[in-house]
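In what follows, a single structure is set out as structure tokens and then discussed.
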Amino acid sequence: MTIIPTHDPRPELTTETAGVREPSTLTAEAPATQYHDLDITDPVVEVQNLSLWYGKFRALTGVSLTIPRNKITALIGPSGCGKSTLLRSINRMNDLVPGVRIEGRVTIDGADIYARSVDPVEVRRRVGMVFQKPNPFPRSIRENILFGAKINGYRGGHEELVEASLRRAALWDEVKHDLKKSGLALSGGQQQRLCIARAIAVSPEIILMDEPCSALDPIATLKIEDLMRELAESYTIIIVTHSMQQAARVSDYTAFMLSDERVRGRLVEFGPTHTLFTTPKDKRTEDYITGRFG
Amino acid sequence: MTPHVSTAARSLFSPSLAARRVRGAIIVVLGLLSVVVALGTLAFLVADVLGRGLPWLSWGFLTSFDSRFAARAGLKAALAGTAYMMVFTILIALPLGVMAAIYLEEYAKDNWLTQFIQINIANLAGVPSIIYGLLGLTFFVRWMELGRSVLAGAMTMALLVLPIIIVATREAIRAVPGSVRDASYALGATRSQTVWHHVLPYAFPGILTGNILAASRAIGETAPLVTLGALTYVPFVPENPLDRFTVLPIQIFNWTSKPQAEFHDLAAAGIIVLLAVLLLLNSVAIYLRQRLRRRY
């Protein structure tokens, strides 16, 4: 089954922005997203014609894409193209920003996560997140892992959870002798793996990673990338990255986003990583991946 | 010689280095003079107080009640009253101030009402302390019929230091980086769980420092308690919150207004004790701030 949105993915700018003053040029016909033959048999996240505003600032325009289960999907594009915003729409972290407004749908396993009956707190437990800068709590490694379990009423064994999470994040052997050590005493790469372990500890279905390696050295980056490949066997991973090499190395699917003077935060092209990198359909994708801008 | 820099452009500069150096030197001299005047005054005051008060300092001075005879007069009642009042002041002001700060920082929407409240908290910090005394007299002493008691004094002082505590706590809360909040929310924590498990513990050193500084402000305050009608001659230690009381600055004020010169020296001794208490509190605040400071 090929999940290419059957509706017109072009944003319906003229009708939906009542109350928001947009420059008239923005209502101009925007070229549609180029979708490659995706061959996604098991979709998890479906983003349907998603638009997002921070106050009056538009950050996303009519984004539609389908994220396959247990694969790594990379979001690439130049700074300010809306890829982090898109990522944060999938676990409703954007809800924490005052004045944010969303149109369109994001579903996980078919259920609309922005439905009235859905509590964003529950969405965030099911969709874990790893941030750009490693942000362990200034507490022990053990407490870092257990916080999510405690607040979510975890009834299993604590020690088992700590060990299992750290093992999955390939950190156990390095820290098992001193779990009482502060998370902040670890190296940058270790901190990021601790953050991954912490995210895994609440058994999410999806893990969002917002440029998880941008603060790390090449060796630590490589470790995280290896880890991502392992984790993709059990989790759906969506990663925002500035590095096209990284997207090419680790991801199965790649989405290229762009903001220009006319349309802010739109999806230009989406396809299997290999196809997108070798035979881009859109000129701008080609320019970006060959390093001609961005 | 780079060709595009013409001699004409160079001739437009007149460095007048000598004049600039002189101006710089004047600033340095003025600054130094200001420091000398400020510190010199302080040094003179401290020296004067020490010279007159030190001979009177003794264990008996701290453990005796006031007396008509300077040789027998002591600070016992004032020390006890100050300690008693400060405990109640902090018990009242700390929870109120911290909760208010949490609400304003973490929960309140950024609208005109919140901004109005914030401006007024800043204004409250600048209200003359005697106004708080009048408020305490009207509201706590008379209307609530608490009398001129420790409790009425503590409640008045709590109001006085509340803005300080709120401002200090808000700053401490704001210093907790957003990345820590993000991490908590991303694990499925609610707002209150995030505040309780992360924001408050990490802001704790700052909150503590703010409270100690607020306490040291309250210890030195005299005007509101005089307005309230705290006693000047107290030959007893308050035993319950509704007892009448006196505090260090009132005792000192009382002694300075007596005609006998001995009492003036006694007041100097009282000032030394008060300064020592203040210095101790501020040192504790600085120590805690350094000790508990977290890195993110």
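The values are calculated or read from the model by the stated rules, or taken from the named source; none is laboratory data. Since the model is a prediction, treat every value here as computed from it, not as a measurement. Heads up, the Cβs are rebuilt from the backbone with ideal geometry, glycines too, and the neighbour counts pull from every protein chain shown. When the accessible area is computed, the model is the full protein with side chains, heavy atoms only, and any ligands, DNA or RNA have been set aside. Shrake-Rupley method; radii C 1.70, N 1.55, O 1.52, S 1.80 Å.
Points to keep in mind about this one:
- Scanning the stretch A:85-125 for residues being under 20 Å from A:Leu75 (Cα atoms) and basic (Lys, Arg) gives a total of 4.
- Qualifying strands (runs of 3 or more DSSP E) (wholly inside the stretch A:28-76; at least 2 residues being touching a Lys or Arg at 6+ places or on another chain (Cβ under 6 Å)): A:43-54, A:57-68
- Among (1) under 23 Å from A:Leu231 (Cβ atoms); (2) more than 14 Å from every other protein chain (Cβ to nearest Cβ); (3) open to solvent by less than 30 Å² (accessible area, probe 1.4 Å); (4) touching a Phe, Trp or Tyr at 6+ places or on another chain (Cβ under 8 Å), the one test that A:Asn70 misses: (3)
- In the stretch A:180-286, counting only strands (runs of 3 or more DSSP E) that sit wholly within it, none holds 3 or more residues that are out of contact with any His (no Cβ under 8 Å at 6 or more places or on another chain), among the β-branched types (Val, Ile, Thr) and within 14 Å of another protein chain (Cβ to nearest Cβ).
- Within the stretch A:128-179, the set of residues being more than 14 Å from chain B (Cβ to nearest Cβ) and not in a helix (DSSP H, G or I) comprises A:Arg155, A:Gly156, A:Gly157, A:Ala169, A:Ala170, A:Leu171, A:Lys176, A:His177, A:Asp178, A:Leu179.
- Under the condition of being more than 20 Å from B:Met86 (Cα to Cα) and either within 11 Å of another protein chain (Cβ to nearest Cβ) or within 23 Å of the chain's Cα centre (by Cα) (or both), the residues counted in the stretch B:156-198 number 28.
- Close pairs from the stretch B:98-111: first away from every other protein chain (no Cβ under 14 Å), partner of a type in the set (Lys, Arg), Cβ under 8 Å, at least 6 apart: B:Ala101/B:Arg170; B:Leu104/B:Arg170
- None of B:Val176, B:Val226, B:Val237 is farther than 30 Å from B:Phe263 by Cβ and either buried (at least 16 other Cβ atoms within 10 Å of the Cβ) or of a type in the set (Val, Ile, Thr) (or both) except B:Val176.
- Long-range neighbours under 7 Å by Cβ, at least six apart or interchain, first residue more than 13 Å from every other protein chain (Cβ to nearest Cβ) and at positive phi within the stretch A:89-108, second open to solvent by less than 50 Å² (accessible area, probe 1.4 Å) and not hydrophobic (A, V, I, L, M, F, W, C): A:Gly104/A:Asn49; A:Gly104/A:Ser51
- Selected residue (criterion: farthest from B:Leu279 (Cα to Cα)) from residues of the stretch B:199-210 that are open to solvent by 10 Å² or more (accessible area, probe 1.4 Å) and either more than 9 Å from chain A (Cβ to nearest Cβ) or in a loop (DSSP other than H, G, I, E, B) (or both): B:Leu200
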